[in-house]
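Worksheet: the structure to be examined is printed underneath.
Where a number appears in this text, it was derived from the coordinates with a stated rule and is not lab data. Bear in mind that the values here come from a model prediction, so they are computed numbers and not experimental data. Using ideal geometry, Cβ is built from the backbone for each residue, glycine included, and neighbour counts are taken over all protein chains shown.
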Amino acid sequence: MRVNDRIMAEKLADCTSDSHSRKIIASTLDKAKSAVELSEELALPMRSIYRYVEELLDLGLLTVEHAGVIDSGGKRMFYRSMVKSITVRYEGDILEVDLIPNEGILGRFMRFWSYMGRP
């Protein structure tokens, strides 16, 4: 699926140029994970994980697949990648971003991106 909105394409290209963002996407491709799991797996502080997760959620690259209740009574969110593959291509001043949805959550992905494509 080609991202036709130039501003969104630029945001996606910027976000995915960061190795931590890419690692979070890859880590949550097959299984939803909590921020705690991501922090331990990627050896990043929780504050950083939440910052990356928030950006990925805002861009529609992650979704909250489900929430669980923890012992203290709070909730723990479990995040899942919305994309299986992201291709960023620059040719001159033309930027192209193509996304392949994560087939496990295709319906959510399609609803989000159809909404983002509306004027």
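Some notes on this structure:
- In region 36-54, the qualifying residues are those that are small (Gly, Ala, Ser) and under 16 Å from the mean Cα position of the chain (by Cα), and the one that is farthest from Val69 (Cα to Cα) is Ser48.
- Of residues in region 11-25 being of a type in the set (Ser, Thr, Tyr) and buried (at least 17 other Cβ atoms within 10 Å of the Cβ), the one farthest from Leu62 (Cα to Cα): Thr16
- Among strands (runs of 3 or more DSSP E) entirely within region 25-111, having at least 2 residues that are within 22 Å of Ala9 (Cβ to Cβ), hydroxyl-bearing (Ser, Thr, Tyr) and in contact with a strand residue (DSSP E or B) (Cβ under 7 Å, 6 or more places away or on another chain) singles out 83-91.
- Pairs with Cβ under 7 Å, 6+ apart, first in region 30-50 and acidic (Asp, Glu), second outside any helix (DSSP H, G or I) and surrounded by 12 or more Cβ atoms within 10 Å (Cβ to Cβ): none
- Sub-8 Å Cβ pairs linking a first residue in region 5-20 that is part of a loop (DSSP other than H, G, I, E, B) to a second residue that is not acidic (Asp, Glu), at least 6 apart or interchain, are Asp5/Met116; Asp5/Gly117; Ser17/Val88; Asp18/Tyr52, ordered by first then second residue.
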